[in-house]
Amino acid sequence: MTLAVDRPAAKKPAPRPGPIRRFKDSYRRYWYAYAMIAPVVVVLGVLVVYPLVRGFYLTLTNANSLNSARTIGVNQIEATYEFVGLDNYADILWGPSSYDRFWSHFVWTIAWTAICVALHYCIGLGLALLLNEKLRGRTFYRLLLILPWAVPTFVTVFAWRIMLADSGIINVALGSLHLPQPSWLEDPTFQRIAAILVNTWCGVPFMMISLLGGLQSIDGSLYEAAEMDGATAWQRFRHITLPGLRPVGSTVVLLGIIWTFNQFAIIFLLFGNTAPDAQILVTWAYRLGFGQQPRDFAQSAAYGVLLLSILTVFTSFYYRWLKRNEQLAV
């Protein structure tokens, strides 16, 4: 015999509220959080979002200092620039003088970034390894080596300008050794070498301190076990130190690439609007927008958008490469 059992009908899931309703419910529950972040949102909107949107709009026009809105005495002159679409980007990337105005500076910017970051990492890692050892006066050495990073950039660069001058201490020392005395601030090749030298001096301390913190976070028992197993110093460095530094090293290298790629202060303070061969993309964009007449606001803003796009694409590929290496290591 079969018994029929009455079961309650399954309840249908309640329909999901719309986005406006969800926002109202969230605001009602977390209104204090919205109130706390509101000033930050306003500041970011004024200082970051609006300039980005405004700058991107200018890239689609032919705005310059002659057709932009301006005030002369009591007269208010209206803007007369026109919408030109993507012509600025096409002119920068494929125009008749695109190599001299963009691609030559792009190649130098890539070389400048790669050389500087490599020097920052190698010298910083070497100093970090030395300071991680038990040395007498280690604290004093740390303070001494971090000074170039603590001193304001403009003071450091002006000091290097004096030392790199034709009659500066560097050429005097080279002359006393009967070595060539190059024109560091005039010759295009030595201008680039001087820029790399100054940027390396300013950037090594940050890399050194960051990597020193990473070294101190590695478990010392790993080195003891490897030494007991007969591992050489190179094997300990390769199989313990470098993998242990990967989380810190990958982050500081990314930061170093972004900062060096956009390093405006050192190039500008060292050479100003001179030395066209030593100008990287960010200083060249400044020169177009503020260092010539008429000032080309549209082209300068287009350079800024291209810089942001290059760094965004590079960062995304960099993180994908890191994740793939982590998966392979596991």
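The values are calculated or read from the model by the stated rules, or taken from the named source; none is laboratory data. All values derive from a computational prediction rather than experimental measurement. Backbone-built Cβ (ideal geometry, glycine too); neighbour counts: all protein chains shown. In case anyone asks, the SASA skips ligands and DNA or RNA and just uses the protein heavy atoms, side chains included. Shrake-Rupley method; radii C 1.70, N 1.55, O 1.52, S 1.80 Å.
When a/c is below 1.5 the answer is rounded, else prolate if a/b is larger than b/c, else oblate, so apply that to the range 158-266 with a ≥ b ≥ c taken from the square roots of the Cα gyration tensor eigenvalues.
Working: a/c = 3.73, a/b = 2.11, b/c = 1.77.
Prolate is the answer for the range 158-266, as a/c is 1.5 or above and a/b outweighs b/c.
Which length gain, in nm to one decimal place, applies between residue 187 and residue 100 when the Cα-Cα distance is subtracted from 0.36 nm times their residue separation?
Between residue 187 and residue 100, full extension yields an extra 29.5 nm.
Which ³J(HN,Hα) values, rounded to whole Hz and listed in residue order, are derived for the range 32-38 from phi using the Karplus coefficients 6.51, -1.76 and 1.60 in 6.51 cos²θ - 1.76 cosθ + 1.60 with θ = phi - 60°, glycine and proline given as x?
Once rounded to whole Hz, the list reads 5, 5, 4, 5, 6, 8, 4.
When the Kirkwood radius is taken over all Cα pairs of the range 28-114, what Stokes-Einstein diffusion coefficient follows at 4 °C and 1.567 mPa s, in µm²/s?
76
The range 134-229: which trypsin sites (Lys or Arg not before Pro) are DSSP loop and have at most 12 other beta-carbon atoms within 10 angstrom?
Qualifying residues, ordered by number: 134, 136.
Between residue 114 and residue 78, what is the label-point separation in nm under the 7 Å Cα-to-beta-carbon projection?
5.2
In what sequence, largest accessible area first, do 208, 163, 228 appear using a 1.4 Å probe?
Result of the area sort, largest leading: 228, 163, 208.
At what distance in nm do the modelled label points of residue 147 and residue 290 sit from each other, each positioned 7 Å from its Cα along Cα→Cβ?
3.1
Using only the alpha carbons, work out the radius of gyration and Dmax of the range 72-198 in angstrom.
22.7, 71
Report, in cubic angstrom per residue, the convex hull volume of the C-alpha atoms of the chain.
Taking the convex hull of the Cα positions in the chain, it is 343 Å³ per residue.
Using just the Cα positions, wrap the range 68-147 in a convex hull and report its mean projected area in square nanometres, one decimal place.
Result: a mean projected hull area of 11.3 nm².
With the full set of protein chains in place, find how many percent of the accessible area of the chain is carbon and sulfur; take the probe as 1.4 Å.
Result for the chain: 66 percent of the exposed heavy-atom area is carbon or sulfur.
Using 0.36 nm times the number of residues separating residue 44 and residue 71, minus their current alpha carbon distance, what extension gain do you get?
Length difference between fully extended and current span is 6.9 nm.
Calculated from DSSP H runs of 4 or more alone, at -39500 (n - 2.57) each and per residue, what is the 222 nm mean residue ellipticity of the chain, nearest 500? Walk me through the intermediate numbers first.
Numbers: 15 runs with 217 residues, N = 330.
Calculated from helices alone, the mean residue ellipticity at 222 nm is -21500 deg cm²/dmol.
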